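Have a look at the structure below before the remarks.
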Amino acid sequence: MKATFVTGGARSGKSRFAEKMALETGQNVIYIATAQALDEEMAHRIKIHRQRRPENWTTVEEPRYLSRALKEIEQEKKYNGFPIVLIDCLALLVSNWLPLEKASDLSLWDNLRVDLLTEIDAMISQMKRMEKDFIIVSNEVGLGLVPEYPLGRLYRDLLGEVNQKVAAFADEVIFMVSGLPMKLK
């Protein structure tokens, strides 16, 4: 089992790099997509991502509970011939956890943080039990300005903590800049 974490800014080439990395193995790939088509623009992005995937890849859509999706993959015999799991992406997963309709209720934030980080720990534990290689994609959001709004700061902080946990677990960490990979670990 090997885990590679690919991170970088928006439009830095993370997904393309991760997909190329998986494709170059010549193996069947399970692509776990966390995106949700909540509007027309996101539906269009999802369509483009789907069109790039080879036919020997299979897609599992899971917007929040990756540990559960990974457990199902481990238990399903139909996935035995799929040695690579590509997760794209943790940035969307974290945003899927944010209760936008209750964003101003600061009392919910501590519980949200605990629940999300517990899920990430469960995801990592499940990965350790599986005999598959993983490529995990996420955005790096800590290089820009401090977000003006509390929800933006919460998102940045949560994603930063998630990324740190995954980077610590990963065997290899790649930082993408303008389509170019920089190996950090």
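The values are calculated or read from the model by the stated rules, or taken from the named source; none is laboratory data. Just so you know, these numbers come straight off a predicted model, no measurement behind them. Cβ coordinates were reconstructed from backbone atoms using ideal geometry, including for glycine residues, and neighbour counts include every protein chain displayed. Quick note on the areas: whole protein, heavy atoms, side chains included, nothing else; ligands and nucleic acids left out. Shrake-Rupley method; radii C 1.70, N 1.55, O 1.52, S 1.80 Å.
Counting just the residues of the stretch 102-114 that are loosely packed, with under 11 Cβ neighbours inside 10 Å and not in a loop (DSSP other than H, G, I, E, B), which one comes out modelled with the lowest pLDDT?
The selected residue is 107.
Looking for whichever is under 22 Å from residue 141 (Cβ atoms), of a type outside the set (Val, Ile, Thr) and not in a loop (DSSP other than H, G, I, E, B) here; the options are 16, 68, 50. Which one fits?
Of the residues listed, the single one that is under 22 Å from residue 141 (Cβ atoms), of a type outside the set (Val, Ile, Thr) and not in a loop (DSSP other than H, G, I, E, B) is 16.
Residue 51: more than 22 Å from residue 20 (Cα to Cα) and open to solvent by 40 Å² or more (accessible area, probe 1.4 Å), yes or no?
Judged against the criteria, residue 51 is not a match.
With the requirement that a residue be open to solvent by less than 80 Å² (accessible area, probe 1.4 Å), hydrophobic (A, V, I, L, M, F, W, C) and either assigned to a loop (DSSP other than H, G, I, E, B) or closer than 30 Å to residue 131 by Cα (or both), what does the stretch 19-47 give you?
If the condition is that a residue be open to solvent by less than 80 Å² (accessible area, probe 1.4 Å), hydrophobic (A, V, I, L, M, F, W, C) and either assigned to a loop (DSSP other than H, G, I, E, B) or closer than 30 Å to residue 131 by Cα (or both), then 21, 22, 29, 30, 32, 33, 35, 37, 46 are the ones that fit.
Give me a count of the residues in the stretch 153-171 that are in contact (Cβ under 8 Å) with a residue 60 or more places away in the chain and either loosely packed, with under 15 Cβ neighbours inside 10 Å or of a type in the set (Phe, Trp, Tyr) (or both).
3
Being open to solvent by less than 10 Å² (accessible area, probe 1.4 Å), part of a helix (DSSP H, G or I) and over 25 Å from residue 28 (Cα atoms), is that true of even one residue in the stretch 125-143?
No, the conditions are met nowhere in the stretch 125-143.
Please go through the stretch 144-167 and give me each residue that is out of contact with any Lys or Arg (no Cβ under 9 Å at 6 or more places or on another chain) and either closer than 27 Å to residue 27 by Cβ or assigned to a loop (DSSP other than H, G, I, E, B) (or both), ordered by number.
145, 148, 149, 162, 163, 165, 166
Looking at the stretch 53-65, which of its residues are closer than 13 Å to residue 34 by Cα and part of a strand (DSSP E or B)?
Across the stretch 53-65, the qualifying residues are 59, 60, 61.
Please enumerate the residues belonging to the stretch 136-182 that are charged (D, E, K, R) and closer than 14 Å to residue 13 by Cα.
Listed by number, the list holds a single entry, 140.
So, of the residues in the stretch 1-18 that are open to solvent by 70 Å² or more (accessible area, probe 1.4 Å) and not basic (Lys, Arg), which turns out to be nearest to residue 84 (Cα to Cα)?
1
Exactly one condition in (1) over 23 Å from residue 130 (Cα atoms); (2) open to solvent by less than 40 Å² (accessible area, probe 1.4 Å); (3) over 13 Å from the mean Cα position of the chain (by Cα) is not met by residue 57; state its number.
Condition (1) is where residue 57 drops out.
Quick check on my filter: what residues within the stretch 60-89 are under 13 Å from the mean Cα position of the chain (by Cα) and free of Cβ contacts under 8 Å to residues at least 40 places away in the same chain?
Scanning the stretch 60-89 gives 60, 61, 62, 63, 69.
I'm checking my understanding of the structure. Among residues of the stretch 82-101 that are part of a loop (DSSP other than H, G, I, E, B) and within 25 Å of residue 16 (Cβ to Cβ), which one is least open to solvent (accessible area, probe 1.4 Å)?
Per the stated criteria, the residue is 89.
Return the residues of the stretch 117-160 that are more than 15 Å from the chain's Cα centre (by Cα), among the aliphatic types (A, V, I, L, M) and within 28 Å of residue 16 (Cβ to Cβ); say none if nothing qualifies.
Matches in the stretch 117-160: 130, 143, 145.
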